[in-house]
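Right, one structure below, let's go through it.
Nothing in this text is a laboratory measurement; each read-out follows from the coordinates by a stated rule. Note that the structure is predicted; figures quoted are calculated from it, not measured. We place every Cβ from the backbone using ideal geometry, glycine too, and count neighbours over all the protein chains shown.
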Amino acid sequence: MVTGAAGFIGSRLALHLAQRGHIVHACDWADDSGCTPLDPDPNSTASRLRAARMATVRQAPGVQWQRLDVAHPSQLLDWMGSVRPERVIHLAAQAGVRHSMQAPQDFVASNLVGFANVLLACHQHQVARLLYASSSSVYGMRSEAPFEEADRTDRPQSFYAATKQANEAMAFSFHAQYGLKSLGMRFFTVYGPWGRPDMAPYLFAQAIRRQQPVTLFAGGELMRDFTYVDDTVAAVTALAQHEARWQGAAVVNVGHQRPIRVIDFVQVLSDLLQTSPLIEHAPMQTADVALTCASESRLLSWLDAWPDTPLQEGLGQFVQWLEGWDPLGNRQA
């Protein structure tokens, strides 16, 4: 069972699992036009992306689709009771550090109430393993690298990070009380084709293509551990297998321990687009962090190996997709 299956990672994961021969019960709260209660405009880029991702997933053999809002407990309990999944991969959430600064209330229903409902449904229907999306943002403002799972995570810099920190604590409590096995996957800046339009790769690429300014905060010196989406999907798939080595209520980084300066990321992207960027500088934003850098040690101890797509190759795939998705670059981002 995959929640958030019209999302960036969720759609890619649902397709990958179905192609491997699994029966995938996929759900999302978006309607057929890609609209959600928080994004009711069918013409927005986010809605159009959700609709296109969802159409592809729903057509895949082995996928059974359900429109569902995890914040409604009866819907989730009834559906999970009819599906009886062996494993649940919970990716439905409201994401975005900057969005959480502007509208923190948007994060309560999906990230807190919804997650509590998922935990309860997994417990009541005796799900063997729950995997869920956490975030590198739980580490807060740090200068020491790489970030290790045992590091403190009690100083979130954004409300979004606080909800993910809360998810990890909630999952731990359900293991302590009921024995529910869970794994919080701390994703590190996932990018690639069909990526979210509010994230840097999409925003930067569209600005460069339209010869509009690219805003770089803190002189472009912020560093991010970018992770290609197919690498992420491969790791999640391996972690979801019965023979995966994690136990209890665990957390794990999903990142390559290879941070890059944002200004260098923009240069690689502009080279691929064959267009020089127009750079505007701005001060570092409140709630942002200077560095993300994943320790891979725990993940590698469980998986032995996982794909490592070079940035040049991953961004090349992203640019190829974007130029096909928006050939003229004439829509508003």
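Observations on the model:
- Potential extension, Gln66-Asp78 segment - 0.36 nm per residue separation minus Cα distance: 3.1 nm
- 222 nm mean residue ellipticity, helices alone, for the chain (DSSP H n ≥ 4; -39,500 (n - 2.57); rounded to 500): -12000 deg cm²/dmol
- Taking other residues whose beta carbon is less than 10 angstrom from the beta carbon of Thr292, and scoring Lys, Arg as +1 and Asp, Glu as -1, yields +2.
- In this rough spin-label picture, where each label sits 7 Å from Cα along the Cβ direction, the Gln267-Arg152 distance is 3.6 nm.
- Computed over neighbours whose Cβ is under 12 Å from that of Val319, the net charge equals -3, Lys and Arg +1, Asp and Glu -1.
- Per residue Cα convex hull volume in Å³ - calculated over the chain: 123 Å³
- Just checking the listed ones, Thr286, Thr45, Thr227: in the Gaussian network model of the chain with Cα springs under 10 Å, the one fluctuating most is Thr286.
- The GluC sites (Glu not before Pro) of region 132-174 that meet both conditions, a loop assignment by DSSP and at most 12 other Cβ atoms within 10 Å of the site Cβ, are Glu144.
- Annotation: extensible slack from Gln102 through His123 equals 4.2 nm (criterion: 0.36 nm per residue apart, minus Cα-Cα distance).
- Across region 42-140, Cα-Cα distances exceeding 16 Å account for 66% of all pairs.
- The calculated Kirkwood hydrodynamic radius for region 205-333 is 16.7 Å, given to one decimal from all distinct C-alpha pairs.
- With only the Cα atoms considered, region 139-189 has a convex hull volume of 88 Å³ per residue.
- Going from the fewest other Cβ atoms within 10 Å to the most, the residues Leu299, Leu222 appear in the order Leu222, Leu299.
- Per-residue Cβ neighbour rank within 10 angstrom, fewest leading, His242, His25, His125: His242, His125, His25
- Spin-label pair Trp302-Glu280: with each label point 7 Å from Cα along the Cα-Cβ axis, the two points sit 4.2 nm from one another.
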